[in-house]
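Input: a single structure, listed below in structure tokens.
The values are calculated or read from the model by the stated rules, or taken from the named source; none is laboratory data. If you're wondering where the values come from, they're calculated on a predicted model, not measured in any experiment. Don't worry about glycine lacking a Cβ; one is built from the backbone with ideal geometry, like all the others, and counts go over all protein chains shown.
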């Protein structure tokens, strides 16, 4: 009996000690949100001053009832309810500064029109985990962005100088310059004849035509005047145009020593790294085309004469330059028209 009584006393003491320890534990609260403030409210953005600092956000520390390792991130949206957001990594402690280029990227991400004032909304998220987070008040800023990237994913050529002539629904796609998104180029074989540029397949506006020996006239809408036509000599040429400067050039290209590839295809995860054939035409045997639907994300390479050509640039870029030493190209699921030029190595994935 004495043994049992001693055992009972020990258990009671342990329970009392446990209760005392529980009373000393920290109790987490729902969290006190940061208070956010901005250094400015209205910004007219210019490309020339893109590297300059524009906006500084500052906020107070969040509190969850104890000293935790909360992480902060800035959320940017074009709507007050933050239904769709883009995130900005916070490098400082309780503040973050954005350059003009960064604000411009946010504006274009939400398709705010270049040259016109639009609104962005910013707030700070403080999080202990994916399930434990609080949000600051939001701040509203006005931004007038500049066009840092061409709004035209593809520019097409129409006219007697190209295949399918004046059929705008079958116009010839140019290759976008990976170093300057406003510049489009095409190196290939041309018929002698007239040429114009259009920005939308099957539509006659926007359209670019002849203004002088080096400049283009721009037709923005169908109601605007129809511009003149360029003239292209027969044979291999490099045609280049710039939609920002409205300029163009037509330069003869020597293709006499170019390799004539008998076949080309596309290999990747989507076909088990087999080869899906691409096709070329009698007029342009160096331009290869494939229409394909990828059900899932895939990595791909081109296969001229069984060689392996990959990207020389960013793997996710949909217009770049390829070579035999290039890396895999990353392609998201979707339906594409794929164009590859074995003379220049340029390629473009046109999402439909």
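Here are a few things to note about the model shown:
- Residues in the range 74-88 that are at pLDDT 90 or above and either closer than 15 Å to residue 126 by Cα or in a strand (DSSP E or B) (or both): 74, 75, 76, 77.
- Positions within the range 107-127 being assigned to a loop (DSSP other than H, G, I, E, B) and touching a strand residue (DSSP E or B) at 6+ places or on another chain (Cβ under 8 Å), in sequence order: 110, 112, 115, 116, 117
- Here residue 267 meets the list (1) exposed (fewer than 15 other Cβ atoms within 10 Å of the Cβ); (2) farther than 28 Å from residue 180 by Cβ almost entirely, failing just condition (1).
- Qualifying residue in the range 161-174 (condition: outside the structural domain of residue 200 (by TED's automatic domain parsing) and part of a strand (DSSP E or B)): no
- Some residue of the range 335-343 being more than 21 Å from residue 183 (Cβ to Cβ) and loosely packed, with under 15 Cβ neighbours inside 10 Å: yes
- Of the candidates 70, 91, 48, the single residue that is assigned by TED's automatic domain parsing to the domain that holds residue 132, modelled with pLDDT of 85 or more and either under 25 Å from residue 121 (Cα atoms) or buried (at least 16 other Cβ atoms within 10 Å of the Cβ) (or both) is 48.
- Among the residues of the range 191-232, those that are in contact (Cβ under 8 Å) with a residue 60 or more places away in the chain and buried (at least 17 other Cβ atoms within 10 Å of the Cβ) comprise 191, 230, 232.
- Just one of the numbered conditions (1) touching a strand residue (DSSP E or B) at 6+ places or on another chain (Cβ under 6 Å); (2) at pLDDT 90 or above is not true of residue 60: (1).
- Residue within the range 342-352 that is closer than 28 Å to residue 151 by Cα, modelled with pLDDT under 95, assigned to a loop (DSSP other than H, G, I, E, B) and under 19 Å from the mean Cα position of the chain (by Cα) present: yes
- The requirement of being under 22 Å from the mean Cα position of the chain (by Cα) and assigned to a loop (DSSP other than H, G, I, E, B) is fulfilled nowhere in the range 96-103; no residue meets it.
- Taken over the range 240-292, the criterion of being more than 31 Å from the chain's Cα centre (by Cα) and not in a loop (DSSP other than H, G, I, E, B) is satisfied by 252 alone.
- Residue in the range 201-210 that is closer than 19 Å to residue 281 by Cα and either under 27 Å from the mean Cα position of the chain (by Cα) or assigned by TED's automatic domain parsing to the domain that holds residue 114 (or both) present: no
- Meets criteria (assigned to a strand (DSSP E or B), surrounded by fewer than 14 Cβ atoms within 10 Å (Cβ to Cβ) and in the same structural domain as residue 79 (by TED's automatic domain parsing)) for residue 140: yes
- Single residue of the range 152-176 satisfying the filter (without any contact (Cβ under 8 Å) to a residue 24 or more places away in the chain and out of contact with any helix residue (DSSP H, G or I) (no Cβ under 9 Å at 6 or more places or on another chain)) that is nearest to residue 72 (Cα to Cα): 172
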